[in-house]
Amino acid sequence: MAGYIEPHVRAETMALLNGLETLPVKTVTHNGITLKELDIDKAISRNPKLILLDELAHINAAGCRHSKRYQDVQELLNLGIDVHTTINVQHIESLHDVVSAITGISARERIPDSVFDNANQVEIVDIEPQELIERLKKEEFIV
């Protein structure tokens, strides 16, 4: 089951969800802006064996049960639900300063090292530096 996948306006990302059950998102209004978040109560009531949750370091909107997505993941794991998630290296607390020094970009969203250290399995996915730079330029992370 796909619990929350951030599309980043990428059709190829959304195409990967074809054929998967997708949990409806929870909408939260904050400062007049409607935000989409994981609906943890629906995820728990559905009780899947496995749930996909994008962006482990995400800061949840006010009004969500937990302030951070990694806390949502911890709750799901404690209930016996396996979670596959994604994170960029700059969001791991102990690596933040190193990555920031290299890229010049400081990530506000971070997870404690213990969350990463407690993962049962980690798969590293990398792309060519030029491809990453082009993607970041396209998404206006780099000017």
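Side notes on the structure shown:
- Count - residues of the stretch 1-25 that are of a type in the set (Ser, Thr, Tyr) and open to solvent by less than 60 Å² (accessible area, probe 1.4 Å): 2
- Checked against (1) at pLDDT below 95; (2) farther than 18 Å from residue 3 by Cβ, residue 112 passes all but a single condition, namely (1).
- Index of the failed condition, residue 66 passing every other in (1) over 15 Å from the mean Cα position of the chain (by Cα); (2) under 18 Å from residue 111 (Cα atoms): (1)
- Checked against (1) of a type in the set (S, T, N, Q); (2) within 30 Å of residue 21 (Cβ to Cβ); (3) part of a helix (DSSP H, G or I), residue 90 passes all but condition (2).
- When the residues of the stretch 77-108 are filtered to those that are at pLDDT 95 or above and among the charged types (D, E, K, R), the one that is surrounded by the most Cβ atoms within 10 Å (Cβ to Cβ) is 93.
- Number of the condition not met by residue 73 [criteria: (1) under 14 Å from the mean Cα position of the chain (by Cα); (2) among the aliphatic types (A, V, I, L, M); (3) assigned to a strand (DSSP E or B)]: (3)
- Hits in the stretch 51-83 (condition: more than 20 Å from residue 7 (Cα to Cα) and among the basic types (Lys, Arg)): 65
- Looking across the stretch 42-61, the residues that are in a helix (DSSP H, G or I) and of a type outside the set (A, V, I, L, M) come down to 42, 45, 46.
- Among the residues making up the stretch 17-41, those that are modelled with pLDDT of 90 or more and not in a loop (DSSP other than H, G, I, E, B) are 22, 26, 27, 28, 29, 33, 34, 35, 36, 37, 40, 41.
- Exactly one residue among 62, 57, 43 is among the hydrophobic types (A, V, I, L, M, F, W, C), farther than 13 Å from residue 115 by Cα and open to solvent by less than 20 Å² (accessible area, probe 1.4 Å), and that residue is 43.
The values are calculated or read from the model by the stated rules, or taken from the named source; none is laboratory data. This is a predicted model, so every value here is computed, not measured. Cβ: placed from backbone, ideal geometry, glycine included. Neighbour counts: every protein chain shown. Heads up: the accessible areas ignore ligands, DNA and RNA and are worked out on the full protein's heavy atoms, side chains in. Shrake-Rupley method; radii C 1.70, N 1.55, O 1.52, S 1.80 Å.
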